[in-house]
Amino acid sequence: MTTPPTLAEARRRAGQELAPVSASPALDAECLLACATGLARTRFRAHPEEVLKAPAWARFQHLVERRLSGEPVAHLTGHRGFMDFELRVGPAVLIPRPETEHLVEAALERSAASVLDLGCGSGCVAIALARAWPEADIDAVDVSETALSVARANARELGADQIRFHAGDWYAPVSRQRYSLIVSNPPYIGADEAEPDTGDLRFEPRQALIAGPTGLEAIRIVIQGAPAQLHPGGQLWLEHGYRQGPSVREELAAAGFTAIETRHDLAGHERISGGRLEAS
Ligand SMILES: C[S@@+](CC[C@H](N)C(=O)[O-])C[C@H]1O[C@@H](n2cnc3c(N)ncnc32)[C@H](O)[C@@H]1O
């Protein structure tokens, strides 16, 4: 093992090493250094001259090697920030994405007494809504038992105790319930699209990513099932692929939704659409 360097040197070298495999090598290096040393990232700026202890240096080198082989930073550190909180993540769940924060923002534009989150994964969306609306009744469904274990642990740690988690296929476990708001970030990649073979996607559950041949299969199930599960005047908001906006708006209209809107992500892509179920 080489002699441990200073914090500044360790961070600089790792940033250079990671440049060919990461779009954010300096940030990756900093997150991995924080994980290996147990130090806050602010310490690297306050005390750049501090020399790493040998065990932390060994841990850091190992983490950088794993990152070089493609493993996502969130899997290496075991957590990911979402909205204003940190979630535990691992190979059982999709790593929460910044785009999904726009789904939460759209949902929070009005209040809702009862909420259903379909395909809850790590629990990020349901937990964000539970934190904003502590009085709301919230159900969260996922087909993956291992994802639900992660979501339950996150909800417990973050004090989102009012969420009821259910295992099953989309609406099946809650088929007798009606809600004022349904939110979903369903899988929306088509089986023939190349994306899952690149970057972090290679390490994430295919069940969380791939919807079927066209990518619209899960979105259609969520939209077509929503009218039977919403109170009149209730809202449905969902995340979708950047080219799926027109199809999603068409499906929403066909299912009886009005006031249909689409929101863009930070890259300017259509990403979140929703509407209101006409009060009959
Ligand atoms: C794109 S991930 C979203 C996870 C989380 N809501 C988020 O935004 O990070 C889609 C989720 O849908 C779940 N899922 C896939 N098929 C499902 C089904 N038939 N019924 C319920 N959930 C399903 C997956 O297990 C996965 O957790």
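Could you put ASP200, ASP139 in order of accessible surface area, largest first, with the 1.4 Å probe and the full protein assembly present?
Of ASP200, ASP139, the descending order of accessible area is ASP200, ASP139.
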Worksheet, complete the sentence: Quick tally, 1.4 Å probe accessible area for PHE203, PHE82, sorted with the most first, runs PHE203, PHE82
Worksheet item: If contacts are Cα pairs under 8 angstrom and at least 6 residues apart, what is the relative contact order of the range 15-137 in percent?
Response: 17
Worksheet entry | Gyration tensor (alpha-carbon) shape descriptor, the range 132-230, a/c threshold 1.5 | oblate
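Which helices of the chain meet both criteria: a Cα extent of 20 Å or more along the helical axis and a mean Kyte-Doolittle score no lower than 1.6, with helices taken as whole DSSP H segments?
Answer set is empty.
What is the Å³ per residue value for the convex hull set by the Cα atoms of the range 36-113?
Per residue, the Cα convex hull of the range 36-113 comes to 139 Å³.
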Discussion item. What three numbers, in Å, describe the spread of the alpha carbons of the range 7-70 along their principal axes, ordered from the longest?
Written reply: 28, 21, 16
Item to complete: Could you pull the Cα extents of the range 63-193 along its three principal axes, largest to smallest, in whole Å?
Response: 48, 34, 25
Worksheet entry | Mean separation of Cα contacts under 8 Å, 6 or more apart, over the residue count of the chain: relative contact order % | 13
Item to complete: Please identify every one of the trypsin sites (Lys or Arg not before Pro) in the range 25-134 that sits in a loop by DSSP and has no more than 14 other beta carbons within 10 Å of its own beta carbon.
Response: LYS53, ARG110
Discussion item. Given a 1.4 Å probe and heavy atoms of the protein chains only, how would you sort ARG202, ARG220, largest accessible area at the top?
Written reply: ARG202, ARG220
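Within the accessible area of the range 83-277, what % is carbon and sulfur when the probe is 1.4 Å and the other protein chains stay in place?
Here carbon and sulfur together make up 50 percent of the probe-accessible area.
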Fill in: Probe 1.4 Å - accessible area at GLU65, Å² to nearest ten
110
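Under unit Cβ charges (Lys, Arg +1; Asp, Glu -1), what dipole magnitude, rounded to 20 debye, does the chain have relative to its Cα centre?
With Lys and Arg at +1 and Asp and Glu at -1, about 640 debye.
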Worksheet item: Taking Cα centroids, how far is the range 24-46 from the range 64-122 in Å?
Response: 20
Worksheet, complete the sentence: Over its alpha-carbon atoms, the chain yields an Rg and a Dmax in Å of 20.7, 73
Discussion item. Between GLU135 and THR258, what's the calculated FRET efficiency when r is the beta-carbon distance and R0 is 35 Å? Round to 0.05.
Written reply: 0.80
Worksheet item: Which percent of the accessible heavy-atom area of the range 7-70 goes to carbon and sulfur, probe 1.4 angstrom?
Response: 58
Worksheet item: For the chain, with every protein chain kept in place, what is the accessible area per residue (1.4 Å probe, Å²)?
Response: 46
Worksheet item: What number comes out for the charge environment of LEU116, summing +1 per Lys or Arg and -1 per Asp or Glu over other residues with Cβ under 11 Å away?
Response: -1
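The values are calculated or read from the model by the stated rules, or taken from the named source; none is laboratory data. Note that the coordinates shown come from a computational prediction; the quantities given were computed from them, not determined experimentally. Note that each Cβ is placed from the backbone with ideal geometry, even for glycine, and that neighbours are counted across all protein chains shown. Please note that ligands, DNA and RNA were not included when accessible areas were found on the heavy atoms of the full protein model with its side chains. Shrake-Rupley method; radii C 1.70, N 1.55, O 1.52, S 1.80 Å.
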